[in-house]
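Take a look at the structure below.
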Amino acid sequence: MTGNEQTPTAVLREEHQLILKVAGRLDEMLTDEERGEELQFDTLESCITFFRLFTDAFHHGKEEDLLFPGLEEEGLPSDSGPIAAFLEDHAQGRVYVADMVASLEEARAGDAQAGRAVRDAARAYVDLIVDHISREDGILFDMADNMITGSACSTLCSRYDDVCASKFEGKTKADLERLAEAII
Ligand SMILES: [Fe+2]
């Protein structure tokens, strides 16, 4: 942290930009495939790993375990309104990623039905995550920046640092940023 612009959403907004780049690359791959190019299964597999570990574990983990409870403490309900809607998006995203994982190997082996299942889940995931991030940046994060300030903000940021310094399935956040660079 540089200390000059500490907000409860800065690191999350930054992560959104990388997630959007990977989703954008997957979107291009799906469009190319619709035009007759072969789907690049190795890149698709890397996208799935990125979505599981960076988007869900590192990023949604910070939102669900730290930011949303912080907003609840400031009086925003979690069982209705924006937090409930965003939690629902996260759950739906996990379903699409699980669908991609479930059909990937059969699709790679040439099974047409599995191929359709992977493409449909990938398309649905891209659409969901792009819309989700735009609403989060435009609605919830602006609310959070106004609601969580001072020492509550500093505490939250230091907890974010702890999550960012952890590993998921043996991968650091930097490992996954490198994976994203290789994808895009
Ligand atoms: Fe987010």
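Before moving on, here are some points about what is shown:
- Failed item in (1) among the basic types (Lys, Arg); (2) more than 16 Å from the ligand (Cβ to nearest atom); (3) within 18 Å of LYS21 (Cα to Cα), with ARG52 passing the rest: (2)
- Considering segment 123-146, the residues that are in contact with a helix residue (DSSP H, G or I) (Cβ under 6 Å, 6 or more places away or on another chain) and more than 16 Å from the ligand (Cβ to nearest atom) include one that is nearest to ALA85 (Cα to Cα), namely ALA124.
- Every residue from segment 26-47 that is of a type in the set (S, T, N, Q) and assigned to a helix (DSSP H, G or I): THR31, THR43, SER46
- Any hit, segment 99-117, residues being under 21 Å from LEU26 (Cα atoms), within 16 Å of the ligand (Cβ to nearest atom) and part of a helix (DSSP H, G or I): no
- Here ARG123 does not fit the description of being over 20 Å from GLU33 (Cβ atoms) and assigned to a helix (DSSP H, G or I).
- Just one of the listed residues (GLU73, GLU45) is surrounded by fewer than 19 Cβ atoms within 10 Å (Cβ to Cβ) and within 21 Å of ARG123 (Cβ to Cβ), and it is GLU45.
- Criterion: closer than 18 Å to GLU88 by Cβ and not small (Gly, Ala, Ser) - qualifying residue of GLU63, GLU38: GLU63
- THR172 being surrounded by 12 or more Cβ atoms within 10 Å (Cβ to Cβ), among the hydroxyl-bearing types (Ser, Thr, Tyr) and more than 24 Å from ALA85 (Cα to Cα): yes
- Cross-chain or 6+ apart pairs with Cβ under 9 Å, segment 59-82 first and under 16 Å from ARG13 (Cα atoms) and free of Cβ contacts under 8 Å to residues at least 60 places away in the same chain, then surrounded by fewer than 17 Cβ atoms within 10 Å (Cβ to Cβ) and of a type in the set (Gly, Ala, Ser): PHE68/SER78
- Complete set of residues in segment 11-24 that are more than 9 Å from the ligand (Cβ to nearest atom) and in contact (Cβ under 8 Å) with a residue 40 or more places away in the chain: VAL11, LEU18, LEU20, LYS21, VAL22, ALA23, GLY24
Rule-based calculations on the coordinates, nothing more; no lab input. From a predicted model like this one, the values you see are computed outputs, not experimental measurements. Cβ atoms come from the backbone with ideal geometry, glycine included; neighbour counts cover every protein chain shown.
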